[in-house]
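Participant: Before I ask anything, let me first share the structure, which is written out below as structure tokens.
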Amino acid sequence: MEKFNSTVKKAAGVLNEAAGWGIVLAMILVVVNIILRAVFKSPILGTYEYTGFLTALIVGCGLSYCALANGHIAIGFLVEKLKKRTQNIIDSVTNVFVLCFMLFFTWRMFLYAGKLAASSEVSPTTQTPYYLFVYITAMSFVVLSLVIFTKAIQSIKGVMNK
């Protein structure tokens, strides 16, 4: 199980690194577009679309690392006052529920990407296929689901050990 956890952590780290590079790329794209627009009166065609695509990838790729690092907002001030076993039970139930939802959501994203690929739907300005970005985001949700799975296993072990 430890090797599985390590692999999931590495995958989340790689996706987080990709999200960081996506931020850098989006920043460069916007700055270069502003300079080209102001100086040469010739902006980069499709900057708005590319920035939207990059933003979707940044968010999708960054979620699994955020979940791994507990970087999300948690409303736990009431739960923290409970016994450790009760906290683990609440965490277990919550993680299992979230895992089920994420697995369903991920499956539906793959189906949606397949429909986009079959219909050959593209962005209006740059003619970039949408399905590529949906597939990448869906793959990042697979890693997010694995992170949630490891958290669920840990919280269930916490219930069983006490």
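Participant: So is residue 134 at negative phi, among the hydrophobic types (A, V, I, L, M, F, W, C) and more than 15 Å from the chain's Cα centre (by Cα) or not?
Facilitator: On the way: at negative phi: yes; among the hydrophobic types (A, V, I, L, M, F, W, C): yes; more than 15 Å from the chain's Cα centre (by Cα): no.
Spelling it out, it is not the case that residue 134 is at negative phi, among the hydrophobic types (A, V, I, L, M, F, W, C) and more than 15 Å from the chain's Cα centre (by Cα).
Participant: Has segment 148-156 got at least one residue that is of a type in the set (Lys, Arg) and without any contact (Cβ under 8 Å) to a residue 60 or more places away in the chain?
Facilitator: Applying the first criterion (of a type in the set (Lys, Arg)) to segment 148-156 yields 151.
After this cut, where a residue has to be without any contact (Cβ under 8 Å) to a residue 60 or more places away in the chain as well, the list is none.
Within segment 148-156, not a single residue is of a type in the set (Lys, Arg) and without any contact (Cβ under 8 Å) to a residue 60 or more places away in the chain.
Participant: Could you list, in sequence order, all residues of segment 43-58 that are in contact (Cβ under 8 Å) with a residue 60 or more places away in the chain and in a helix (DSSP H, G or I)? Working first, answer last.
Facilitator: Quick first cut of segment 43-58, residues in contact (Cβ under 8 Å) with a residue 60 or more places away in the chain only: 45-46, 48-50, 53, 56-57.
The answer is 48, 49, 50, 53, 56, 57.
Participant: State all residues of segment 2-42 that are charged (D, E, K, R) and assigned to a loop (DSSP other than H, G, I, E, B); if no residue qualifies, say none. Reasoning before the result, please.
Facilitator: Taking segment 2-42 and keeping what is charged (D, E, K, R), we get 2-3, 9-10, 17, 37, 41.
Answer for segment 2-42, where residues must be charged (D, E, K, R) and assigned to a loop (DSSP other than H, G, I, E, B): just 41.
Okay, residues lined up against (1) closer than 21 Å to residue 98 by Cα; (2) hydrophobic (A, V, I, L, M, F, W, C); (3) under 15 Å from the mean Cα position of the chain (by Cα):
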residue	(1), (2), (3)
2	no, no, no
26	no, yes, no
32	no, yes, no
44	no, yes, no
69	yes, yes, yes
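Participant: Working carefully through the options 121, 80, 49, find the one that is under 19 Å from residue 23 (Cα atoms) and among the charged types (D, E, K, R). Break it down into steps so the answer makes sense when it comes.
Facilitator: Values: 121 fails: under 19 Å from residue 23 (Cα atoms); 80 fails: under 19 Å from residue 23 (Cα atoms).
Of 121, 80, 49, the one residue that is under 19 Å from residue 23 (Cα atoms) and among the charged types (D, E, K, R) is 49.
Participant: Next question, about the same structure. Of 133, 105, which residue is within 25 Å of residue 22 (Cβ to Cβ), in contact (Cβ under 8 Å) with a residue 60 or more places away in the chain and aromatic (Phe, Trp, Tyr)?
Facilitator: Working: 105 fails: in contact (Cβ under 8 Å) with a residue 60 or more places away in the chain.
Result of the check over 133, 105: 133.
Participant: With the condition kept exactly as written, say whether any residue in segment 61-74 is surrounded by fewer than 17 Cβ atoms within 10 Å (Cβ to Cβ) and over 17 Å from residue 151 (Cα atoms).
Facilitator: There is no residue in segment 61-74 that is surrounded by fewer than 17 Cβ atoms within 10 Å (Cβ to Cβ) and over 17 Å from residue 151 (Cα atoms).
Participant: Filter segment 143-162 down to residues that are out of contact with any helix residue (DSSP H, G or I) (no Cβ under 6 Å at 6 or more places or on another chain) and not polar (S, T, N, Q) and give me whichever is nearest to residue 53 (Cα to Cα). First the steps, then the outcome.
Facilitator: Initial filter on segment 143-162 (out of contact with any helix residue (DSSP H, G or I) (no Cβ under 6 Å at 6 or more places or on another chain)): 153-154, 157, 160-161.
Among the residues that remain, those that are also not polar (S, T, N, Q) are: 153, 157, 160.
On the way: 153: 34, 157: 39, 160: 44 Å.
Step by step, filter segment 143-162, then rank; the result is 153.
Participant: Do you know which residues across segment 1-49 are among the β-branched types (Val, Ile, Thr) and either open to solvent by 90 Å² or more (accessible area, probe 1.4 Å) or farther than 22 Å from residue 145 by Cβ (or both)?
Facilitator: Filtering segment 1-49 down to residues among the β-branched types (Val, Ile, Thr) leaves 7-8, 14, 23-24, 28, 30-32, 34-35, 39, 44, 47.
14, 23, 24, 28, 30, 31, 32, 34, 35, 39, 44, 47, listed by residue number.
Each row is one residue, and each column tells you yes or no for (1) open to solvent by less than 70 Å² (accessible area, probe 1.4 Å); (2) polar (S, T, N, Q).
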| position | (1), (2) |
| --- | --- |
| 116 | yes, no |
| 124 | no, no |
| 132 | no, no |
| 136 | no, no |
| 146 | yes, no |
| 149 | no, no |
| 158 | yes, no |
| 161 | no, yes |
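The values are calculated or read from the model by the stated rules, or taken from the named source; none is laboratory data. Just so you know, these numbers come straight off a predicted model, no measurement behind them. Backbone-built Cβ (ideal geometry, glycine too); neighbour counts: all protein chains shown. Protein only, heavy atoms only, side chains kept; ligands, DNA and RNA dropped before computing areas. Shrake-Rupley method; radii C 1.70, N 1.55, O 1.52, S 1.80 Å.
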